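Trainee: Pasting a structure here, questions to come.
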Amino acid sequence: HRMYTQGYLRLATLLVVMMISLSLLPLAGEKNHVIKGLLSLANEIVDANIPNKYKGLLENKNINSDLIEKIIMAESSGNPNAVNEESGAKGLMQITDATADDPGFNIKPLKDPFDPIENVRFGTEYFNALMKRYDNDTVSALAAYNYGLGNIDKWRKKGSKFDELPAETQNFINTILN
């Protein structure tokens, strides 16, 4: 817990510096340039990556571990006990009960969503299956992971227009890919 406290203190300090810096800039164009630089610096200072104790879970997986790491951080901020109050999704990769019980794709169901090893195994296998289903189209796979297979199948049939996805799904995809 101390690691997180130190990170949050550094982030708070950086945010104060950012606010002061931005208030001193007279031109909007300069603000955009400075904002990007400060946000990049914030990521380095806080080291907003998956906690080291979970990094080993991503080894020997037949996928892009950086992408899975970003999904974990976007979904749960690396908290294995995270629960989404709205959807009921649980654990590091925010798996819903319905998906955990009946994932399809010949994936072994998820018994304990709060077990980090099982959650990452399941989430990684599920995301790999989505990538395969959508011919390695990362946007469609991420959209399906966030918004559901049926919804994305319909979206693709209608032309796959990004702005027709729900705002939450668009934000999720942008967070992962940017």
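The values are calculated or read from the model by the stated rules, or taken from the named source; none is laboratory data. No experiment lies behind these values; they were computed from the predicted model shown. Using ideal geometry, Cβ is built from the backbone for each residue, glycine included, and neighbour counts are taken over all protein chains shown. The protein model used for the area step is the full one, side chains on, heavy atoms only, and it has no ligands, DNA or RNA in it. Shrake-Rupley method; radii C 1.70, N 1.55, O 1.52, S 1.80 Å.
Trainee: Can you find even one residue in the range 82-94 that is surrounded by 18 or more Cβ atoms within 10 Å (Cβ to Cβ), farther than 21 Å from Asn64 by Cβ and touching a helix residue (DSSP H, G or I) at 6+ places or on another chain (Cβ under 7 Å)? Show your work before the answer.
Mentor: Initial filter on the range 82-94 (surrounded by 18 or more Cβ atoms within 10 Å (Cβ to Cβ)): 82, 89-94.
With farther than 21 Å from Asn64 by Cβ added as a condition, the list becomes 82, 89-90.
If we keep only those that are touching a helix residue (DSSP H, G or I) at 6+ places or on another chain (Cβ under 7 Å) as well, we get 82.
Yes, some residue in the range 82-94 is surrounded by 18 or more Cβ atoms within 10 Å (Cβ to Cβ), farther than 21 Å from Asn64 by Cβ and touching a helix residue (DSSP H, G or I) at 6+ places or on another chain (Cβ under 7 Å).
Trainee: Now for a different question. Condition check: at pLDDT 95 or above and polar (S, T, N, Q). Does Ser160 satisfy that? Steps first, please.
Mentor: On the way: at pLDDT 95 or above: no; polar (S, T, N, Q): yes.
So Ser160 does not fit the description; no.
Trainee: Shifting gears a bit: What are the residue pairs meeting all of these: first residue in the range 152-166, first residue over 17 Å from Met131 (Cα atoms), second residue assigned to a loop (DSSP other than H, G, I, E, B), Cβ atoms under 9 Å, and 6 or more apart or on different chains?
Mentor: Glu164/Lys158
Trainee: Among the numbered conditions (1) more than 16 Å from the chain's Cα centre (by Cα); (2) open to solvent by less than 70 Å² (accessible area, probe 1.4 Å); (3) more than 29 Å from Asn81 (Cβ to Cβ), tell me where Asp163 comes up short.
Mentor: The single condition Asp163 does not satisfy is (2).
Trainee: Let me ask something additional. Which of the residues that make up the range 95-147 are touching a residue at least 40 places away in the same chain (Cβ under 8 Å) and either touching a Phe, Trp or Tyr at 6+ places or on another chain (Cβ under 7 Å) or surrounded by 19 or more Cβ atoms within 10 Å (Cβ to Cβ) (or both)?
Mentor: Pro116, Val120, Gly123, Thr124, Phe127, Met131, Leu142, Tyr145
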